[in-house]
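See structure below.
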Amino acid sequence: MKPYQQFPRVAHFPLVDLNLLSILTDTMVATSCRSDSNESPVVIGLVGTLGAGKTRFCQELARSLNIASDEVTSPTFTLLRSYEVPRFGGTGLESPEREPNRPRRWHHLDLYRVRDEDELWEIGIEELWDERGAWTVMEWADRFADQMPSETVWIEIRLSTRGECEAREILVHCQHPEHAIWWERVTTEMKLAKNP
């Protein structure tokens, strides 16, 4: 069992194609904007084999945050890319009273080439994790699972094929009660989106 799998599984999406991935990331942002999190930082650890879709997930999340997704590539060699997030747009939530918890910054990291724990801390990772109003998304986060904050939302992406159709299976684990409630909202709205 991988360390993050010890935490409760709070969401499971068995067959996620590109269309459903787009709906999922939109729903993540929309439900977060409606929460009472007071701009608490969000840390997301992405897990999956090479080619599972971690970077594609990040591109869709960027699009949902109204960041140009074509500018988002895996920061394999730079390790970190940070983006300012526009206050409105991207999720269809245009009324100001629904937008105060929208992330202000989005940090995208790729930990694949990080050699050791010392290099991880040299990036300034703790400051990113603690930054109010920021979402920090890390590909290959399982390489440093023991150093990740307890509030981490773990998103595991698995390749899944049914017949000739290639899709992804997405499992979400976390132990923080506020994030568990957030993912309960995401799951509920995803069911509504699939069965209007």
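Quick note: the coordinates plus some simple rules give every number you see, no bench work behind them. Since this is a predicted model, take the numbers as computed values, not measurements.
Each residue of segment 27-33 is assigned a 3J(HN,Hα), and the resulting list reads 5, 4, 5, 4, 5, 5, 5 Hz, derived from the Karplus form 6.51 cos²θ - 1.76 cosθ + 1.60 (θ = phi - 60°), x at Gly and Pro.
Normalised by 2.2 N^0.38 Å, where N is the number of residues, the alpha-carbon radius of gyration of the chain equals 0.96. For the chain, a Gaussian network of Cα nodes joined below 10 Å ranks 117, 178, 156 by mean-square fluctuation, and the top entry is 117. Between 115, 56, 132, the Gaussian network model of the chain with springs among Cα atoms under 10 angstrom shows the greatest mean-square fluctuation at 115. Only Cα pairs under 8 Å and 6+ residues apart enter the sum, and on that basis the relative contact order of the chain stands at 36 percent. Counting only DSSP beta bridges whose two residues both lie in the chain, roughly 55 percent are antiparallel. The helix-only estimate of mean residue ellipticity at 222 nm for the chain, built from DSSP H runs of length n ≥ 4 each weighted as -39500 (n - 2.57), is -9000 deg cm²/dmol after division by the residue total.
Given their separation in residues at 0.36 nm each and the Cα-Cα distance between them, residue 151 and residue 192 gain 12.0 nm when the chain is fully extended.
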